[in-house]
Every structure is written in C-alpha cells, then in structure tokens.
Amino acid sequence: MLSHLVIGQTLYYGDTIFYVISFILLMWIIKVLAWGPVTKMMQERADKISNDIDSAEKSRNDAAGLVQKREAALANSRSEAQTIVNTAKTNGQQQREQIVTQAQADVQTLKQNAQKDIEQERQDALSDARNDVADLSIEIASKIIQRELKADDQKALIDSYIEGLGKQHES
Amino acid sequence: MNGEPVSTFQFLGLTFSTANIVAGSVVFLLVVAVIFFTSRKLAMKPTKGQNFLEWLIDFTNGILKGSIPAGDVGKFGLWGFTLFLFLFLSNEIGLFIQVATRSGATIMRSPTSDPIVTLTFSLMTMMLAQFAGVMKLGYKAHFTNYLKPFVFWLPISIFEEFTNFLTLGLRIFGVIFSGEMLLGVIWNLAVSHGIVTMIVALPIEMAWQGFSAFLGAIQAFVFVTLSSVYISQKLEVEG
C-alpha cells in the first residue's frame with residue numbers, strides 16, 4: 001500500500017508489529033524490574049526526608065525546651081542553695097548565742113552555788129569551832145575547878161551555900 | 001537502503017527485515033540488561049547503579065514535565081523512560097556494531113536507521129496521544145478540539161496529525177541513517193588505498209563517530225520531548 005512511497009524498497013509491515021510488541025514487552029519488563037521498585041524507593045526516600053526534617057524540627061524544639069527547663073532548674077537550685085546557706089547561717093548564729101547565754105547562765109549558777117557552799121562551810125566551821133571552844137573551856141574550867149576545890153575551899157563553899165539556905169528560911 | 005541487498009524473511013504472511021529484527025532484539029536485550037544490573041540491591045541510600053537509574057528516571061520525568069501538565073506526568077513516566085532508553089541505545093548501537101552478510105546485506109545496525117522503525121514509534125506516540133486525549137477529555141471534547149479555533153480548521157488539524165507523525169519519525173531516521181551512511185563512506189575511504197588512507201580516515205571516523213553519538217543522544221531526547229508535546233496538546237481543551 002505504502003511501498004511506492006519508499007523508492008526501490010518493500011516495506012516490512014512485520015517489523016512494525018515486532019517493534020510494537022517488543023516495546024510493550026519492554027515497558028512491562030522495565031516496570032517489573034526497575035520502574036516499580038525504584039519509584040517506590042524514591043517516594044519512600046522523599047517521605048523519609050520530609051519526616052526527618054519534621055523530626056529534626058521537633059528535636060530542636062525539644063532541646064530548646066530542655067535547655068530552658070535546665071536553666072530554670074539551675075536558677076532555682078542556686079536560689080535554694082542561697083536560702084539553705086542563709087538559714088544555716090541564721091541557725092548557727094542563733095545556736096551560738098544560745099550556747100553562750102546558756103554557758104553564762106551556767107557559770108553564774110555555778111558561781112552562786114560555790115559561794116553558797118563556801119559560806120555554808122565557813123558557817124559550819126565557825127559553829128564547830130565555837131562548840132569546840134565551849135567544850136574545851138568547860139573541860140578546862142571543870143579541870144580547874146576540880147583541882148582548886150580542895151577541902152577548905154569545899155567547906156567554905158558548902159558553908160556559903162548553907163548560909164544561903166539559912167537566910168532564905170529566915171526571910 | 002540505497003539499492004543494497006536487504007535480507008528479509010516471511011513469517012505468518014508478513015515480511016520481516018532481518019536487520020531490524022536482529023538489531024531490535026539486541027537493543028531489547030541491552031535495555032533489559034542495563035535495567036537489570038542497575039536495579040539490583042535497591043536501597044534507601046542509593047549505590048552506583050541505583051544512582052544512575054534514578055538519575056535517568058528523573059531525567060526522562062523532567063522531559064515529560066516540560067510539556068505535560070504536572071497531574072498527568074505520572075501516567076506517562078514509564079512510557080517516556082522506556083522510549084528514551086530504547087531510542088538512545090538504538091541510535092548508538094549502530095555506531096559501534098555493524099554486521100553484514102557475505103552477500104552485502106546488513107543484518108546488524110541501528111534499528112532507528114530504518115524509517116519503518118522510527119515511524120512505528122512515531123505512530124505509537126500519535127496513538128497514545130489520541131488515546132490519552134479521549135481518556136482525559138472524553139470523545140466529545142477530544143474531537144471538538146479538531147474544530148478549533150473554528151470549524152474550517154478541521155482539514156488543517158487532520159493534516160497536522162499526519163505531518164506530526166511523519167516529521168517525528170523521519171527526523172530521527174534522517175539523522176541516524178545519514179550518520180551511519182557517512183561512517184560507511186569514511187570506512188570505504190579508509191580501505192581504499194591501504195595504510196595511508198587508513199591513517200587519514202581514523203581521526204575523521206573518530207570525530208564523526210563522536211558527533212553521531214552526540215546526535216543520537218540529542219535525537220532520542222528530541223523524540224521524547226516532541227512526543228510529550230504532542231500528547232500534552234491532546235490533554236487540554238483548546239480555547
């Protein structure tokens with residue numbers, strides 16, 4: 001039909017069919033071997049990249065949040081430490097004062113007790129000494145009297161005594 | 001071509017050219033081999049072969065995106081990829097392998113240096129364009145496109161379809177066929193006077209072979225580009 005268009009040649013209609021069939025077959029083979037898997041992989045990669053970008057953004061935000069939190073915690077702990085130190089200082093001061101006051105009071109009490117004891121001792125000693133002196137003087141006196149009161153002395157004494165009695169009866 | 005004997009055979013009442021069948025089968029196997037060996041061990045992190053394959057897919061998708069509306073590119077991706085790879089290898093193979101029988105009939109050359117092959121691809125493009133147009137717009141909108149911008153445009157529209165079909169197929173055929181013919185002429189020069197002409201012809205042959213390789217790539221690119229343009233014309237209602 002078309003063979004007169006090409007000079008001196010016969011057209012090979014069979015080739016057309018051959019090429020059409022082989023082209024369609026080739027398309028099918030490429031689709032099965034490469035096109036399907038590769039385009040799927042490319043799509044997966046595109047998805048993965050976009051996911052990675054999203055998750056990177058999220059991680060960055062998380063990290064920023066964590067930094068803020070950490071800084072807040074740091075500031076918080078610093079002020080807390082300050083408070084603790086201050087409290088400890090105040091407590092220490094108070095305790096020191098208390099101890100000193102206590103010590104002073106104790107010393108005062110001890111001193112008073114000691115003075116009282118000393119006074120007591122002195123009084124005891126004095127009274128002891130007074131008693132001893134009295135006893136001694138009595139003993140001495142009795143010893144002296146016993147020795148001095150000889151017969152005539154005794155007689156004189158008795159006489160005086162009787163005289164005394166007589167006088168009393170007369171009156 | 002040009003009066004040389006051509007090896008043909010009959011099968012199921014149809015005439016086949018041995019050269020076209022052999023060359024077509026070789027290119028077919030080459031494409032399958034390329035695809036097979038580059039698509040092994042596909043991974044999220046692409047290696048050499050996969051990188052090449054993905055670059056090629058991006059390249060042909062880029063050609064299609066140039067003219068076809070973005071929403072329709074996905075349907076033609078596989079077609080554009082296969083077409084480009086097949087035509088590119090078809091254009092290049094004849095530059096490196098040319099086999100003739102004892103009687104002088106070529107049995108191995110570029111498949112695209114025969115108009116019947118290029119016109120087959122051109123016809124496939126035109127049919128695909130018609131098919132895609134009907135699928136996208138429906139019969140009514142598709143065929144009323146021929147009556148635009150006004151009713152009397154109809155003969156020109158039909159004629160345009162025919163010329164598109166012819167120019168698309170004959171452009172690639174012309175470039176590849178002339179390239180191979182000139183290679184043959186240079187070869188004849190090389191063997192004409194022994195070693196002297198061989199030395200003279202070698203750089204010319206190399207230069208022309210390089211240029212033809214470049215032209216083969218360009219023609220495969222142009223074919224896919226124009227095909228996508230013809231398809232995109234059928235995908236939209238003309239104003």
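The values are calculated or read from the model by the stated rules, or taken from the named source; none is laboratory data. Model, not experiment: these values are computed from the prediction. For neighbour counting, all protein chains shown are included, and Cβ atoms are generated from backbone atoms with ideal geometry for every residue, glycine included. All accessible areas refer to the heavy atoms of the entire protein, side chains included, with ligands and DNA or RNA removed. Shrake-Rupley method; radii C 1.70, N 1.55, O 1.52, S 1.80 Å.
Quick rundown of the values:
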read-out	value
Inter-chain Cβ neighbour average for residues A:20-33, partner chain, 10 Å	5
Placed amide H near B:MET108: partners under 5 Å, 5+ positions off or other chain	B:VAL99
Between 0 and 90°, nearest 10: helix B:154-190 axis offset from chain B longest Cα axis	10 degrees
Accessible area (Å², per residue) of chain B, counting only protein heavy atoms and a probe of 1.4 Å	51 Å²
At R0 = 30 Å, FRET efficiency that the Cβ-Cβ distance of B:PHE36 and B:ILE199 yields, to 0.05	0.15
Listed residue (B:ILE158, A:TRP28, A:SER142) projecting farthest to the positive dipole end of the protein assembly as shown, Cβ model	B:ILE158
Qualifying trypsin sites (Lys or Arg not before Pro) in segment A:72-166, DSSP loop, other Cβ atoms within 10 Å at most 14	A:LYS150
Within the accessible area of segment A:62-171 (1.4 Å probe), percent carbon and sulfur	56 percent
Note, ³J(HN,Hα) from phi for segment B:27-37, Karplus 6.51, -1.76, 1.60, rounded to Hz, x at Gly and Pro	4, 4, 5, 4, 4, 4, 5, 4, 5, 5, 6
Dipole of segment B:8-234 [Lys/Arg +1, Asp/Glu -1 at C-beta], most positive-end residue of B:THR82, B:LEU183, B:VAL27	B:THR82
Of B:LYS75, B:LYS136, B:LYS65, the one that fluctuates the most in a GNM where chain B has Cα springs shorter than 10 Å	B:LYS75
Between segment B:169-211 and segment A:22-75, the Cα center-to-center distance that results, in Å	51 Å
Inverse mean reciprocal Cα-Cα distance (Kirkwood Rh) of segment B:8-234, Å	19.7 Å
Label point distance in nm, B:MET181-B:PHE52, each placed 7 Å from Cα along Cα→Cβ	3.4 nm
Whole-Å semi-axes of the ellipsoid equivalent to segment A:54-171 (Cα gyration tensor, √5λ, descending)	104, 13, 8
Gyration tensor over alpha-carbon atoms, segment B:83-186, equivalent ellipsoid semi-axes in Å	37, 14, 10
Inter-site label distance for A:ARG60 and A:LEU157 at 7 Å from Cα along Cβ, in nm	13.3 nm
Shielding of B:34-44 by partner chains, average beta-carbon count, 10 Å	4
Cα-centred dipole magnitude for chain B, charges only on beta-carbon of K, R (+1) and D, E (-1), debye, nearest 20	600 debye
Cα-based Rg / Dmax (Å) for the protein assembly as shown	63.9, 215
Folded to 0 to 90 degrees: helix A:36-148 orientation relative to chain A principal axis, Cα	0 degrees
Inter-label distance for B:PHE9 and A:ALA129, nm, one decimal - labels placed 7 Å from Cα along Cα-to-Cβ	16.1 nm
Cα long-axis angle, helix A:13-30 against chain A (0 to 90 degrees, to the nearest 10)	0 degrees
Rounded Å value of the spacing that divides the Cα centres of segment B:108-145 and segment B:39-54	32 Å
Around B:ALA213: net Lys/Arg minus Asp/Glu count, Cβ-Cβ under 14 Å	-3
Rounded if a/c under 1.5, otherwise prolate or oblate - segment B:37-133, Cα gyration tensor axes	oblate
Nearby lysines by direct alpha-carbon distance to B:LYS234 (threshold 16 angstrom, same-chain neighbours under 8 apart not counted)	B:LYS65, B:LYS75, B:LYS136, B:LYS140, B:LYS148
Rounded to whole Hz, the Karplus (6.51, -1.76, 1.60) HN-Hα couplings of segment A:157-167, x for glycine and proline	5, 4, 4, 4, 4, 5, 3, x, 4, x, 4
Neighbour cut-off at most 16 other Cβ (10 Å), DSSP loop, chymotrypsin sites (Phe, Trp or Tyr not before Pro), segment B:63-154	B:PHE150
Derived scalar couplings ³J(HN,Hα) [segment B:141-153; Karplus, 6.51 cos²θ - 1.76 cosθ + 1.60; whole Hz; x for Gly, Pro]	5, 4, 7, 6, 4, 6, 8, 10, x, 8, 4, 6, 6
Shape box of segment B:20-68 [Cα atoms, principal axes, largest first, Å]	37, 33, 11
Choice from A:ILE17, A:ILE99, A:ILE49 with maximal GNM fluctuation in chain A (Cα, 10 Å cutoff)	A:ILE17
FRET efficiency, A:ALA46 to A:ILE21 (Cβ-Cβ, R0 41 Å, nearest 0.05)	0.75
Among B:ILE199, B:ILE218, B:ILE97: highest mean-square fluctuation, GNM of chain B, C-alpha pairs under 10 Å	B:ILE199
